[in-house]
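Here's the structure we're looking at; comments come further down.
The values are calculated or read from the model by the stated rules, or taken from the named source; none is laboratory data. This one's a predicted model, so the numbers in the text were calculated from it and none came from an experiment. FYI the Cβ positions are ideal-geometry reconstructions off the backbone, even for glycines, and counts take in every protein chain you see. When the accessible area is computed, the model is the full protein with side chains, heavy atoms only, and any ligands, DNA or RNA have been set aside. Shrake-Rupley method; radii C 1.70, N 1.55, O 1.52, S 1.80 Å.
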Amino acid sequence: MVFNTTRSDITAGLDEIGDWSVDKLRILKDYSAAYAVILQHQRNERTGKKQFFTGYIDAFAGAGEHIHKGTGALVKGSPQIALELATQFDHYDFIDLNPERVGRLQKLAQERSNVTIHHGDCNEILLKTVLPKYRYEDFRRALCFLDPYSLQLDWNVMKTAGRMRSVEIFLNFPIHDMNRNAKRKNIGDVDTTSRERMTKFWGDESWHAAMFAPSKQAPLPGLFDDATPDLEKVDQASFVSAFQRRLRDVAGFKHVPNPVPMRNTKGAVVYYLFFASNNPTGDRIAKDILKKYP
Ligand SMILES: C[S@@+](CC[C@H](N)C(=O)[O-])C[C@H]1O[C@@H](n2cnc3c(N)ncnc32)[C@H](O)[C@@H]1O
(Lines give C-alpha, C1' and ligand atoms only; values in the text may rest on other atoms or scores of the structure.)
Protein backbone atom coordinates (compact mmCIF):
# COMPACT_ATOMS: atom_id res chain seq x y z
CA MET A 1 0.00 0.00 0.00
CA VAL A 2 1.37 3.46 -0.89
CA PHE A 3 0.68 6.46 1.33
CA ASN A 4 1.12 9.85 -0.24
CA THR A 5 1.74 12.70 2.20
CA THR A 6 0.47 15.92 0.70
CA ARG A 7 1.57 19.44 1.66
CA SER A 8 -1.80 20.05 3.26
CA ASP A 9 -1.27 16.98 5.50
CA ILE A 10 1.95 18.56 6.73
CA THR A 11 0.66 22.09 7.16
CA ALA A 12 -2.81 21.36 8.62
CA GLY A 13 -3.11 22.96 12.04
CA LEU A 14 0.06 25.04 11.73
CA ASP A 15 0.09 28.77 12.49
CA GLU A 16 0.86 31.35 9.84
CA ILE A 17 3.53 33.72 11.08
CA GLY A 18 4.90 37.07 9.90
CA ASP A 19 8.41 38.52 9.88
CA TRP A 20 8.02 39.79 13.46
CA SER A 21 7.71 36.19 14.66
CA VAL A 22 10.68 35.19 12.53
CA ASP A 23 12.68 37.94 14.32
CA LYS A 24 11.49 36.66 17.70
CA LEU A 25 12.67 33.14 16.80
CA ARG A 26 16.04 34.50 15.64
CA ILE A 27 16.51 36.37 18.94
CA LEU A 28 15.65 33.25 20.88
CA LYS A 29 17.99 31.11 18.77
CA ASP A 30 20.93 33.52 19.14
CA TYR A 31 20.46 33.79 22.87
CA SER A 32 19.88 30.04 23.48
CA ALA A 33 22.98 29.18 21.47
CA ALA A 34 25.15 31.54 23.54
CA TYR A 35 23.52 30.40 26.80
CA ALA A 36 24.15 26.72 26.07
CA VAL A 37 27.80 27.29 25.10
CA ILE A 38 28.55 29.35 28.20
CA LEU A 39 26.75 27.24 30.79
CA GLN A 40 27.59 23.82 29.39
CA HIS A 41 31.30 24.62 29.42
CA GLN A 42 31.56 26.02 32.92
CA ARG A 43 33.64 23.83 35.24
CA ASN A 44 33.77 23.70 38.98
CA GLU A 45 37.08 25.26 39.96
CA ARG A 46 37.82 22.67 42.60
CA THR A 47 36.62 19.41 41.05
CA GLY A 48 36.96 20.29 37.35
CA LYS A 49 33.51 18.74 36.81
CA LYS A 50 30.74 20.31 34.77
CA GLN A 51 29.25 23.03 36.94
CA PHE A 52 25.60 23.22 35.82
CA PHE A 53 22.78 21.01 34.67
CA THR A 54 20.94 23.07 32.03
CA GLY A 55 17.35 23.04 30.87
CA TYR A 56 15.43 24.58 28.01
CA ILE A 57 11.75 25.08 28.80
CA ASP A 58 9.24 25.97 26.08
CA ALA A 59 6.00 26.69 27.93
CA PHE A 60 3.77 27.60 24.96
CA ALA A 61 5.70 25.34 22.62
CA GLY A 62 3.38 25.28 19.60
CA ALA A 63 3.51 22.73 16.81
CA GLY A 64 7.26 22.80 16.23
CA GLU A 65 6.92 24.54 12.89
CA HIS A 66 4.93 27.29 11.19
CA ILE A 67 4.05 28.59 7.75
CA HIS A 68 5.42 31.96 6.68
CA LYS A 69 2.54 34.30 5.82
CA GLY A 70 4.35 35.94 2.93
CA THR A 71 6.22 33.08 1.27
CA GLY A 72 4.27 30.00 2.36
CA ALA A 73 7.56 28.37 3.39
CA LEU A 74 7.80 26.14 6.45
CA VAL A 75 9.58 27.91 9.33
CA LYS A 76 11.10 26.03 12.27
CA GLY A 77 9.34 26.77 15.55
CA SER A 78 10.99 27.38 18.89
CA PRO A 79 11.14 23.70 20.05
CA GLN A 80 12.74 22.56 16.82
CA ILE A 81 15.26 25.40 16.94
CA ALA A 82 16.21 24.47 20.48
CA LEU A 83 16.63 20.79 19.61
CA GLU A 84 18.96 21.66 16.74
CA LEU A 85 21.38 23.91 18.64
CA ALA A 86 25.03 22.97 18.09
CA THR A 87 25.61 22.89 21.85
CA GLN A 88 22.75 21.04 23.46
CA PHE A 89 20.97 21.66 26.75
CA ASP A 90 20.93 18.73 29.18
CA HIS A 91 17.15 18.56 29.20
CA TYR A 92 14.18 19.98 27.28
CA ASP A 93 10.61 20.47 28.51
CA PHE A 94 7.96 21.33 25.93
CA ILE A 95 4.40 22.15 27.02
CA ASP A 96 1.26 22.76 24.98
CA LEU A 97 -2.44 22.73 25.63
CA ASN A 98 -3.42 21.58 22.17
CA PRO A 99 -3.40 17.75 21.84
CA GLU A 100 -2.67 17.78 18.13
CA ARG A 101 0.38 19.98 18.73
CA VAL A 102 1.51 17.74 21.55
CA GLY A 103 1.39 14.85 19.05
CA ARG A 104 3.60 16.82 16.66
CA LEU A 105 6.05 17.62 19.44
CA GLN A 106 6.21 13.95 20.42
CA LYS A 107 7.05 13.07 16.84
CA LEU A 108 9.69 15.80 16.70
CA ALA A 109 11.40 14.46 19.82
CA GLN A 110 10.86 10.72 19.28
CA GLU A 111 14.56 9.97 18.83
CA ARG A 112 15.54 11.90 21.93
CA SER A 113 15.79 10.62 25.48
CA ASN A 114 16.27 14.04 27.11
CA VAL A 115 12.96 15.64 26.09
CA THR A 116 9.77 15.66 28.15
CA ILE A 117 6.56 16.64 26.38
CA HIS A 118 3.76 17.82 28.63
CA HIS A 119 0.12 18.15 27.62
CA GLY A 120 -1.84 20.71 29.61
CA ASP A 121 -1.90 24.21 31.03
CA CYS A 122 1.70 25.39 31.28
CA ASN A 123 1.00 27.61 34.28
CA GLU A 124 0.13 24.59 36.36
CA ILE A 125 2.80 22.32 34.86
CA LEU A 126 5.55 24.93 35.27
CA LEU A 127 4.71 25.68 38.89
CA LYS A 128 4.14 22.08 39.99
CA THR A 129 6.53 20.02 37.89
CA VAL A 130 9.07 21.85 35.76
CA LEU A 131 10.38 24.91 37.62
CA PRO A 132 10.98 23.01 40.89
CA LYS A 133 13.56 20.89 39.03
CA TYR A 134 15.82 23.93 38.66
CA ARG A 135 16.83 24.89 42.18
CA TYR A 136 19.62 27.44 42.32
CA GLU A 137 21.39 25.62 45.12
CA ASP A 138 21.47 22.37 43.09
CA PHE A 139 23.46 24.11 40.31
CA ARG A 140 20.59 23.68 37.89
CA ARG A 141 19.83 26.49 35.47
CA ALA A 142 17.12 26.96 32.86
CA LEU A 143 16.08 29.21 30.03
CA CYS A 144 12.30 29.44 29.81
CA PHE A 145 10.43 30.75 26.78
CA LEU A 146 6.97 32.13 27.61
CA ASP A 147 5.26 32.74 24.29
CA PRO A 148 1.47 32.94 24.68
CA TYR A 149 -0.79 34.16 21.89
CA SER A 150 -2.50 36.48 24.33
CA LEU A 151 -3.28 36.78 28.05
CA GLN A 152 -2.82 33.11 28.96
CA LEU A 153 0.12 33.44 31.33
CA ASP A 154 -0.05 33.59 35.11
CA TRP A 155 2.06 36.17 36.97
CA ASN A 156 2.98 33.47 39.52
CA VAL A 157 5.10 31.80 36.85
CA MET A 158 7.12 35.00 36.22
CA LYS A 159 7.37 35.73 39.93
CA THR A 160 8.50 32.20 40.76
CA ALA A 161 11.14 32.26 38.00
CA GLY A 162 12.46 35.62 39.24
CA ARG A 163 12.65 34.54 42.85
CA MET A 164 14.31 31.22 42.04
CA ARG A 165 17.31 33.12 40.53
CA SER A 166 18.13 30.05 38.43
CA VAL A 167 15.63 30.61 35.61
CA GLU A 168 15.86 33.24 32.87
CA ILE A 169 12.88 34.10 30.74
CA PHE A 170 11.99 35.44 27.33
CA LEU A 171 8.45 36.71 27.51
CA ASN A 172 5.93 37.71 24.90
CA PHE A 173 4.06 40.66 26.46
CA PRO A 174 0.74 40.61 24.58
CA ILE A 175 0.01 44.33 24.29
CA HIS A 176 -2.45 43.85 21.45
CA ASP A 177 -4.79 41.73 23.57
CA MET A 178 -4.40 44.15 26.51
CA ASN A 179 -5.23 47.23 24.42
CA ARG A 180 -8.12 45.56 22.73
CA ASN A 181 -9.79 43.88 25.66
CA ALA A 182 -8.65 45.49 28.91
CA LYS A 183 -7.95 49.12 28.04
CA ARG A 184 -11.02 50.98 29.30
CA LYS A 185 -10.76 54.23 31.30
CA ASN A 186 -13.24 52.85 33.80
CA ILE A 187 -12.16 49.42 35.04
CA GLY A 188 -15.82 48.54 35.55
CA ASP A 189 -16.27 48.70 31.75
CA VAL A 190 -13.79 45.87 31.17
CA ASP A 191 -15.67 42.60 30.69
CA THR A 192 -15.22 40.13 33.53
CA THR A 193 -13.20 37.55 31.61
CA SER A 194 -10.76 40.12 30.22
CA ARG A 195 -10.38 41.77 33.62
CA GLU A 196 -9.60 38.39 35.22
CA ARG A 197 -7.15 37.40 32.47
CA MET A 198 -5.37 40.75 32.72
CA THR A 199 -5.16 40.55 36.51
CA LYS A 200 -3.86 36.98 36.34
CA PHE A 201 -1.12 38.10 33.95
CA TRP A 202 -0.17 41.23 35.92
CA GLY A 203 -0.55 39.70 39.37
CA ASP A 204 -2.99 42.27 40.75
CA GLU A 205 -5.23 45.07 39.57
CA SER A 206 -2.49 47.72 39.58
CA TRP A 207 -2.37 47.22 35.79
CA HIS A 208 -5.27 49.62 35.47
CA ALA A 209 -3.50 52.50 37.21
CA ALA A 210 -0.39 51.75 35.12
CA MET A 211 -2.46 52.02 31.95
CA PHE A 212 -4.03 55.33 32.82
CA ALA A 213 -1.53 57.22 35.00
CA PRO A 214 1.35 58.09 32.69
CA SER A 215 2.58 60.94 34.87
CA LYS A 216 3.14 58.55 37.79
CA GLN A 217 4.64 55.84 35.60
CA ALA A 218 7.17 57.73 33.46
CA PRO A 219 9.05 55.44 31.07
CA LEU A 220 12.52 54.33 32.10
CA PRO A 221 15.31 56.28 30.37
CA GLY A 222 16.10 54.85 26.97
CA LEU A 223 12.78 53.15 26.43
CA PHE A 224 11.06 54.49 23.33
CA ASP A 225 13.52 57.34 22.79
CA ASP A 226 12.01 57.72 19.37
CA ALA A 227 8.44 58.01 20.66
CA THR A 228 6.82 61.19 19.52
CA PRO A 229 5.07 62.74 22.50
CA ASP A 230 1.53 61.85 21.57
CA LEU A 231 -0.48 60.71 24.54
CA GLU A 232 -1.29 57.29 23.17
CA LYS A 233 2.40 56.40 22.76
CA VAL A 234 3.40 57.92 26.10
CA ASP A 235 0.65 55.90 27.72
CA GLN A 236 1.88 52.71 26.12
CA ALA A 237 5.55 53.35 26.89
CA SER A 238 4.71 54.13 30.51
CA PHE A 239 2.57 51.06 30.80
CA VAL A 240 5.25 48.77 29.38
CA SER A 241 7.83 50.40 31.68
CA ALA A 242 5.56 49.71 34.64
CA PHE A 243 5.64 46.02 33.79
CA GLN A 244 9.42 46.17 33.35
CA ARG A 245 9.66 47.60 36.88
CA ARG A 246 7.37 44.89 38.15
CA LEU A 247 9.61 42.16 36.79
CA ARG A 248 12.49 43.83 38.67
CA ASP A 249 10.87 44.98 41.88
CA VAL A 250 8.19 42.37 42.50
CA ALA A 251 9.44 39.25 40.68
CA GLY A 252 13.01 40.07 41.70
CA PHE A 253 14.84 39.73 38.39
CA LYS A 254 18.02 41.80 38.69
CA HIS A 255 18.26 42.45 34.95
CA VAL A 256 15.34 43.40 32.74
CA PRO A 257 16.57 45.25 29.64
CA ASN A 258 14.18 47.39 27.64
CA PRO A 259 11.86 45.08 25.68
CA VAL A 260 11.81 44.98 21.89
CA PRO A 261 8.60 46.12 20.21
CA MET A 262 7.73 43.52 17.57
CA ARG A 263 5.88 45.27 14.74
CA ASN A 264 3.67 43.96 11.97
CA THR A 265 4.05 45.05 8.34
CA LYS A 266 1.95 48.16 9.06
CA GLY A 267 4.31 49.24 11.85
CA ALA A 268 1.86 48.47 14.66
CA VAL A 269 3.32 46.84 17.78
CA VAL A 270 1.88 43.34 18.08
CA TYR A 271 3.75 42.45 21.28
CA TYR A 272 6.87 43.35 23.26
CA LEU A 273 9.60 40.78 23.75
CA PHE A 274 10.99 40.94 27.28
CA PHE A 275 14.10 39.27 28.63
CA ALA A 276 14.61 38.90 32.38
CA SER A 277 17.49 37.30 34.25
CA ASN A 278 19.49 37.33 37.45
CA ASN A 279 22.74 36.81 35.61
CA PRO A 280 24.91 39.76 34.48
CA THR A 281 26.46 37.78 31.61
CA GLY A 282 23.03 36.80 30.34
CA ASP A 283 21.97 40.42 30.56
CA ARG A 284 24.98 41.62 28.53
CA ILE A 285 24.44 39.00 25.81
CA ALA A 286 20.70 39.60 25.62
CA LYS A 287 21.23 43.37 25.30
CA ASP A 288 23.73 42.81 22.46
CA ILE A 289 21.17 40.68 20.63
CA LEU A 290 18.12 42.85 21.37
CA LYS A 291 19.77 46.08 20.23
CA LYS A 292 19.81 44.75 16.66
CA TYR A 293 16.01 44.95 16.72
CA PRO A 294 15.15 48.59 17.52
C1 LIG B 1 2.41 31.57 19.89
S2 LIG B 1 2.15 29.84 19.91
C3 LIG B 1 3.75 29.23 20.30
C4 LIG B 1 4.77 29.37 19.22
C5 LIG B 1 6.13 28.79 19.56
N6 LIG B 1 6.62 29.29 20.84
C7 LIG B 1 7.14 29.12 18.49
O8 LIG B 1 7.69 30.23 18.53
O9 LIG B 1 7.39 28.28 17.63
C10 LIG B 1 1.28 29.60 21.41
C11 LIG B 1 0.99 28.14 21.77
O12 LIG B 1 0.53 28.12 23.12
C13 LIG B 1 -0.44 27.08 23.27
N14 LIG B 1 -1.19 27.41 24.51
C15 LIG B 1 -2.17 28.33 24.71
N16 LIG B 1 -2.51 28.39 26.01
C17 LIG B 1 -1.71 27.50 26.66
C18 LIG B 1 -1.56 27.12 28.02
N19 LIG B 1 -2.31 27.67 28.99
N20 LIG B 1 -0.63 26.20 28.32
C21 LIG B 1 0.14 25.64 27.37
N22 LIG B 1 0.04 25.97 26.06
C23 LIG B 1 -0.86 26.88 25.72
C24 LIG B 1 -1.23 27.11 21.99
O25 LIG B 1 -1.81 25.85 21.76
C26 LIG B 1 -0.11 27.46 20.97
O27 LIG B 1 0.40 26.28 20.39
With a ≥ b ≥ c the root eigenvalues of the C-alpha gyration tensor of region 53-106, is it rounded (a/c under 1.5), prolate (a/b larger than b/c) or oblate?
oblate
Can you pull a Stokes-Einstein diffusion coefficient for the chain at 10 °C (1.306 mPa s), Rh from Kirkwood over Cα pairs, as a whole number of µm²/s?
79 µm²/s
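Under the rule a/c < 1.5 gives rounded, and otherwise a/b versus b/c splits prolate from oblate, where does region 101-187 land using the Cα gyration tensor? Write down the numbers at each step before the final one.
Numbers: a/c = 2.74, a/b = 1.43, b/c = 1.92.
Since a/c reaches 1.5 but b/c is at least a/b, the shape of region 101-187 is classed as oblate.
For a 20 Å ceiling on Cα separation, which of these pairs sit above it: LYS24/LYS266; LYS128/LYS159; LYS76/LYS266? Walk me through the intermediate numbers first.
Details: LYS24/LYS266 17 Å; LYS128/LYS159 14 Å; LYS76/LYS266 24 Å.
Too far apart for the 20 Å limit: LYS76/LYS266.
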Percent RCO, i.e. relative contact order, over the chain, from Cα pairs under 8 Å lying at least 6 residues apart:
16 percent
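Taking only protein heavy atoms and a 1.4 Å probe, what accessible area per residue, in Å², does the chain have with all protein chains in place? It would help to have the intermediate numbers written out before the result.
Numbers: 14360 Å² over 294 residues.
Dividing the accessible area of the chain by its residue count gives 49 Å².
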If the cut-off is a Cα-Cα distance under 16 Å, which aspartates and glutamates reach LYS133, setting aside same-chain residues fewer than 8 apart in sequence?
ASP58, ASP90, ASP93, GLU124, GLU168
In the chain, taking the dipole from +1 charges on Lys and Arg beta carbons and -1 charges on Asp and Glu beta carbons about the Cα centre, the listed residue (GLY252, THR265, SER241) farthest towards the positive end is GLY252
Over region 240-293, consider all pairs of different Cα atoms and compute the Kirkwood hydrodynamic radius from their mean reciprocal separation; express it in Å, one decimal.
11.8 Å
Of all the accessible heavy-atom surface of the chain, with the other protein chains kept in place and a 1.4 Å probe, what percent is carbon and sulfur?
51 percent
Mind putting a number on the dipole of the chain about its Cα centre? Charges go on the C-beta only, +1 for Lys and Arg and -1 for Asp and Glu, and I need it in Debye to the nearest 20.
740 debye
